[in-house]
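One structure is given here, and the rest of the page talks about it.
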């Protein structure tokens with residue numbers, strides 16, 4: 001797919017982190033970008049700086065998604081690119097002993113459900129809605145391509161650490177969806193990919209001391225540092241532009257393999 005002003009894109013979680021970097025990269029290619037996020041102030045700022053449009057959106061709520069897509073399409077037309085970056089993390093063991101007590105507690109089911117609902121079901125919800133719109137539109141490539149979808153999984157999908165049961169399950173589900181969705185949508189020229197980032201610097205790292213950030217970066221074989229959101233965004237852009245990339249999960253991790261903790 002050739003990127004340019006005739007292409008519109010939707011980026012969920014586009015107000016910060018990997019999503020923001022992706023929105024800025026695509027905008028720099030002339031793409032018209034709609035930023036879907038729950039953070040109104042930050043989302044409006046990024047949209048203003050990229051010449052895009054901000055749409056308040058809860059990816060788990062059908063009415064919210066429908067309203068956001070209606071606003072985005074009214075501004076830019078049918079999206080041809082969807083990038084799913086909306087997600088949350090949660091740390092809790094499957095079952096754990098309480099400190100200074102003999103009590104044992106199971107994982108909070110509400111927390112587990114919330115993580116899976118946002119990260120996995122929210123991702124599928126967006127893919128389903130956006131791919132339906134793409135299917136009803138004319139092809140835009142010589143091969144009959146109608147669009148491309150990129151979702152965000154994680155290396156935790158493969159090497160989940162202690163306390164990552166909920167997060168790993170959600171991101172493993174995103175990775176597992178890639179091939180069947182690519183096959184579902186192949187006849188209509190819609191490609192589906194997923195990226196499995198390793199340790200990337202995002203706003204959640206701001207809460208960690210600098211020495212902890214440096215130690216995490218040093219655990220990456222090469223380059224021995226935290227990944228940059230711009231590097232994630234560059235891969236998204238390449239996926240959009242390389243029509244032979246389809247049905248694949250790509251690790252973006254500097255050869256990192258996560259230890260148990």
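The values are calculated or read from the model by the stated rules, or taken from the named source; none is laboratory data. Treat the numbers as computed from the prediction; the structure is a model and nothing was measured. Cβ sites come from the backbone with ideal geometry, for glycine too, and all protein chains shown count toward neighbours.
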Open item on the list: Would you confirm whether or not the stretch 30-37 contains a residue that is assigned to a loop (DSSP other than H, G, I, E, B) and crowded, with 17+ Cβ neighbours inside 10 Å?
Closed with: yes
Open item on the list: Just the residues that are free of Cβ contacts under 8 Å to residues at least 40 places away in the same chain and either out of contact with any strand residue (DSSP E or B) (no Cβ under 8 Å at 6 or more places or on another chain) or assigned to a helix (DSSP H, G or I) (or both), please, taken from the stretch 221-230.
Closed with: 221, 222, 223, 224, 225
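Taking the stretch 189-203 as the region of interest, how many residues are over 22 Å from residue 149 (Cβ atoms), touching a residue at least 40 places away in the same chain (Cβ under 8 Å) and not in a helix (DSSP H, G or I)? Full working, then the answer.
Here is the first cut: in the stretch 189-203, the ones over 22 Å from residue 149 (Cβ atoms) are 199, 201, 203.
Then drop every residue that is not touching a residue at least 40 places away in the same chain (Cβ under 8 Å), which leaves 199, 203.
Within this subset, residues satisfying the condition of being not in a helix (DSSP H, G or I) are 199.
The number of residues fulfilling the criteria is 1.
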Open item on the list: Just to verify a result, which residue in the stretch 231-247, among those that are without any contact (Cβ under 8 Å) to a residue 24 or more places away in the chain and in a loop (DSSP other than H, G, I, E, B), is surrounded by the most Cβ atoms within 10 Å (Cβ to Cβ)?
Closed with: 242
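Here are 211, 142, 206, 138: which of them is within 27 Å of residue 107 (Cα to Cα) and either at pLDDT below 95 or in a loop (DSSP other than H, G, I, E, B) (or both)?
Numbers: 211 fails: within 27 Å of residue 107 (Cα to Cα); 142 fails: within 27 Å of residue 107 (Cα to Cα); 138 fails: within 27 Å of residue 107 (Cα to Cα).
Just a single option satisfies the conditions, and that option is 206.
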TODO: Mind counting the residues in the stretch 98-120 that are part of a helix (DSSP H, G or I) and surrounded by 15 or more Cβ atoms within 10 Å (Cβ to Cβ)?
DONE: 8
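Are any of the residues in the stretch 186-193 over 26 Å from residue 94 (Cβ atoms) and under 13 Å from the mean Cα position of the chain (by Cα)? Don't jump to the end; show me each part of the working.
Quick first cut of the stretch 186-193, residues over 26 Å from residue 94 (Cβ atoms) only: 186-193.
Applying the additional criterion that residues be under 13 Å from the mean Cα position of the chain (by Cα) yields 192-193.
Yes, the stretch 186-193 has at least one match.
Scan the stretch 90-97 and give yes if some residue there is surrounded by 15 or more Cβ atoms within 10 Å (Cβ to Cβ), outside any helix (DSSP H, G or I) and modelled with pLDDT of 95 or more, otherwise no.
Here is the first cut: in the stretch 90-97, the ones surrounded by 15 or more Cβ atoms within 10 Å (Cβ to Cβ) are 90, 92.
Now narrow it down to the ones that are outside any helix (DSSP H, G or I): 90, 92.
With the extra rule that they be modelled with pLDDT of 95 or more, the set shrinks to none.
Checked the stretch 90-97: no residue is surrounded by 15 or more Cβ atoms within 10 Å (Cβ to Cβ), outside any helix (DSSP H, G or I) and modelled with pLDDT of 95 or more.
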Task: So residue 166, is it surrounded by 17 or more Cβ atoms within 10 Å (Cβ to Cβ), part of a helix (DSSP H, G or I) and at negative phi - done: yes
